[in-house]
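Asker: Before I ask anything, let me first share the structure, which is written out below as structure tokens.
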């Protein structure tokens, strides 16, 4: 940038920060209690809208004045709806699972009568003498929030809230640097692309900068199609400006004037929030022509992806923006030389862009110090499945899987045991408990047959069948295969067919060898990441859980009881309580009948094996049993109607 | 069913022409146009595909080829209460398939279909990103977390009761 303009740019930015600070102080210094409600998709799904309404109604009813603020998601999905309340005289308190009823109670007891309701709070947000701080919990103390630092604390629909918490300062800083220096800073930080492949971001930017072309394009890949991963959505919904700032920094560094933000159409809230964020950034002069008077022009357009998993692959994503079927093409030429409309195109993931502002803000050395030698920084995981504290977790790379699952996320619920961890989505692998000491970084995970992927982690307990999980992933990749490469198109189809017949009790002796051979062929014969990694779930589950496959094929038995064709439910008449009707209403197909001595039996011909009766049966009886193979279930005759 | 759905669609199709015209004729507009059409009509009828093809001056088969590639587009009208059952990894592990089956059984249709009275339709979706609440189902835009097979019947019954109530209120006004 022209040094003559420094003062002018700084002046323009100071005006913005002053305004932001004034607004924040007006909120902070207000003597009224403040209520912050988490309103991201998961919060809303858990009833945050009803909770908000209950707060409003209760405040009106008890005539209490308070400031209500909607924020994004802090990642504590298990505790949604999450509410933080700052009541003068108390530290900020985090309440969990705030139902409308609880909301009313909080208004009455806490805001009106000054009782913080110890039984309903999770902890205090800062050190104090009254309430145990959340920082003492492993969840909070082990996490290292870099990218998601602002998520859940700021209002995503207010740009000034972002600026007041240090937002867009990186952009100002960048204007005082030469593009080369910014790229160097990113390279020094050791940041690797967070989309899954882990290509060094600084090097990619360097390539884009030196690429020949009149116009360059920056694309943010928010086509998060990986089932089980939703961290991109959370970032876009909770701190959208952080992504926009990262994109602007990138464009400034590589010399692009235009960018496209590609977001899945399945994320309507994220799209709405982003559209608003783009408008606000334009109004504040942080996007558009002549940003802050620096002479740098940059615009971002939103493009809604239409739901195709393969479009996460960069060449497919480009084809989709151009208006074609999203099919990958051969690389090279890489998009960085020949991309969207044949222009040099730089594509990074949402998380990568969101990591840039903190890096420029704190410096590359600070970022490099987090994580390990080869993989610096933090990683965001969505830990879901059979785990107590499911949600988004940001941890420094290099932490081992055990700490993540058992310390941070609270382990396996319902006194069951850990069986496997599926990591990296449909492209990743299933790891058994022997690998829980594996450090989480790009290279270690690849070494054991899994991969970082986009960061989806699904924890499975001992009632999950690994063959069924492999079948599930193949079902997914088979549907999502674009059909370009024969091995991916037909190979995944046959892999799925074999897995399907194994889970249904039709497995043949040589099926396992066939699976292995076919899996390797699909890996070798596919062009893009989807086909190359599609067999991973089969290969890893075959490697680590072979005995389970063998039980299916040889004994037609599903050891964990996950494959419905191979299991049956029955009611143990010794345990069933006479006259108890608990299970009858729970059955969706009316398969449960009353025996002559007023106990219950299951009509195997009608039963769909959903397991609801097992849940409904009172703990003290626990009369419903699951067996595999199904012929082990004792036959109980349904009494004749008229007898 | 007092009105034939087709007549409704016919009216919207005519309105659509002007909206399609507002887009440029470049190929890159194809997907945004299709998305807009679907937003207006809730699905892509063959007539709309013809209109889009004519506007962009490409073959209808080309438009159809692109539209069928992406999961977002549908070619039959959805129900008034579109049910979407999430079958992401977490939902699968927690029994999403059983939820889907239950909806299919209670409504008497398969996934991808719409009931004859156009009240309900069922679709499977890959992941709605609420994995911590698995299993998840969407009815309209409302996300229902921690679904159970026994909740399905109640949900459908709720809609039916509401409809019946509406019908009776309407009937009451007339009499």
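Values in this text are rule-based calculations from the coordinates and carry no lab data. All values reported here derive from a predicted model rather than from experimental measurement. Ideal geometry is used to build each Cβ from the backbone, glycine not excepted, and the neighbour counts take in all protein chains shown.
Asker: Set the Förster radius R0 to 30 Å, insert the Cβ-Cβ distance between residue A:625 and residue B:161 as r into 1/(1 + (r/R0)^6), and round the FRET efficiency to 0.05. Write out the running numbers ahead of the final one.
Answerer: Details: r = 37 Å, r/R0 = 1.22.
The calculated FRET efficiency here is 0.25.
Asker: Rounded to the nearest 0.05, what FRET efficiency do residue A:329 and residue A:301 have when you use their Cβ-Cβ distance and R0 = 22 Å?
Answerer: Details: r = 23 Å, r/R0 = 1.04.
E(calc), rounded to 0.05, equals 0.45.
Asker: Using a 10 Å cut-off on Cβ to Cβ distances, tally the other chain neighbours for every residue of B:64-74 and report the average as a whole number.
Answerer: 5
Asker: From the convex hull of the Cα coordinates of the range B:5-69, what is the mean projected area in square nanometres?
Answerer: Details: hull surface 15.7 nm².
If you wrap the Cα atoms of the range B:5-69 in a convex hull and average its projections, you get 3.9 nm².
Asker: Using label points projected 7 Å from each Cα along Cα→Cβ, tell me how many nm separate residue A:63 and residue A:135, to one decimal.
Answerer: Inter-label distance under the simple model: 4.0 nm.
Asker: Run lengths n ≥ 4 of DSSP H only: what is the helix-derived mean residue ellipticity at 222 nm for the protein assembly as shown, with -39500 (n - 2.57) per run over all residues, to the nearest 500? Before the final figure, lay out each step's value.
Answerer: Numbers: 30 runs with 321 residues, N = 818.
Value at 222 nm, helices only: -12000 deg cm²/dmol.
Asker: Another question, then. Quick one: order B:43, A:6, A:162 by neighbouring beta-carbon count within 10 Å, fewest to most.
Answerer: Fewest to most other Cβ atoms nearby, the residues stand as A:6, B:43, A:162.
Asker: Going by average Cβ neighbours within 10 Å, how do the peptides B:123-129, B:59-65 rank, with the highest at the top?
Answerer: Working: B:123-129: 23.9, B:59-65: 15.1.
Packing order, densest peptide first, comes out as B:123-129, B:59-65.
Asker: Sticking with this structure for a sec: Work out the mean other chain Cβ neighbour count within 10 Å for the residues of A:42-52 and drop it here as an integer. Before the final figure, lay out the partial values.
Answerer: Details: counts 9, 1, 4, 12, 6, 2, 0, 1, 0, 0, 0.
Shielding by partners across A:42-52 averages 3.
Asker: Separate question: Determine, for A:399, A:452, the number of other Cβ atoms within 10 Å of each Cβ, and report the residues in order from fewest to most. Spell out each step's value before the answer.
Answerer: Working: A:399 23, A:452 27.
With the sparsest Cβ surroundings first, the list reads A:399, A:452.
Asker: Need one word for the range A:18-73: rounded, prolate or oblate. Basis is the Cα gyration tensor (sqrt eigenvalues a ≥ b ≥ c); a/c below 1.5 gives rounded, then a/b vs b/c decides. The partial results should precede the final answer.
Answerer: On the way: a/c = 3.97, a/b = 1.27, b/c = 3.13.
Verdict is oblate for the range A:18-73.
Asker: How would you rank A:278-287, A:238-247, A:215-224, highest first, on the average number of other Cβ atoms within 10 Å across their residues? Don't skip to the end; give the middle numbers.
Answerer: Working: A:278-287: 18.6, A:238-247: 28.3, A:215-224: 26.0.
Top to bottom by mean Cβ count within 10 Å: A:238-247, A:215-224, A:278-287.
Asker: If a/c stays under 1.5 just call it rounded; otherwise compare a/b with b/c (prolate if a/b is bigger, oblate if not). Do that for the protein assembly as shown, with a ≥ b ≥ c from the square roots of the Cα gyration tensor eigenvalues. Don't skip to the end; give the middle numbers.
Answerer: On the way: a/c = 1.42, a/b = 1.29, b/c = 1.10.
Judged from the Cα gyration tensor, the protein assembly as shown comes out rounded (a/c under 1.5).
Asker: Between residue A:142 and residue A:366, what is the FRET efficiency for a Förster distance of 30 Å, r being their Cβ-Cβ separation, to the nearest 0.05? All intermediate terms of the calculation are to be shown ahead of the outcome.
Answerer: Values: r = 19 Å, r/R0 = 0.64.
For R0 = 30 Å, the calculated efficiency reads 0.95.
Asker: What ranking do A:113, A:226, A:338 get, fewest neighbouring Cβ atoms within 10 angstrom at the top? Please report the intermediate quantities before stating the final value.
Answerer: Values: A:113 10, A:226 28, A:338 18.
Lowest to highest Cβ neighbour count: A:113, A:338, A:226.
Asker: What is the Cα centroid distance between the range A:1-59 and the range A:399-434, reported in whole angstrom?
Answerer: Answer, in whole Å: 36.
Asker: What does the C-alpha gyration tensor say about the overall shape of the range A:466-555? Classify as rounded when a/c is under 1.5, otherwise prolate if a/b is larger than b/c, or oblate.
Answerer: Details: a/c = 2.01, a/b = 1.86, b/c = 1.08.
Since a/c reaches 1.5 and a/b is larger than b/c, the shape of the range A:466-555 is classed as prolate.
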